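Reading through the structure tokens given below for one structure.
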């Protein structure tokens, strides 16, 4: 389970970085996208953690 939680932001960030580089954008211009990736990943990790807690009571 931990592998999935770690891999999600890494894969999304790599895809976002590839998009930025292929379209000629700088990292500074794509900073908001990385912020969104971090927020989405934290929500997913929180959901998995909550489900793990609720199903192992």
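Each value in this text was obtained by applying a stated rule to the coordinates, not by laboratory testing. Remember, predicted model here, so these are calculated numbers, not experimental data. Here Cβ is always computed from backbone atoms with ideal geometry, including for glycine, and neighbour counts include all displayed protein chains.
Overview of results
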item	result
In region 3-34, residue nearest to residue 49 (Cα to Cα) [restricted to those that are over 15 Å from the mean Cα position of the chain (by Cα) and loosely packed, with under 10 Cβ neighbours inside 10 Å]	28
Count - residues of region 35-57 that are touching a residue at least 24 places away in the same chain (Cβ under 8 Å) and surrounded by 12 or more Cβ atoms within 10 Å (Cβ to Cβ)	7
Matching entry among 13, 26 (being in contact with a helix residue (DSSP H, G or I) (Cβ under 9 Å, 6 or more places away or on another chain) and assigned to a loop (DSSP other than H, G, I, E, B))	26
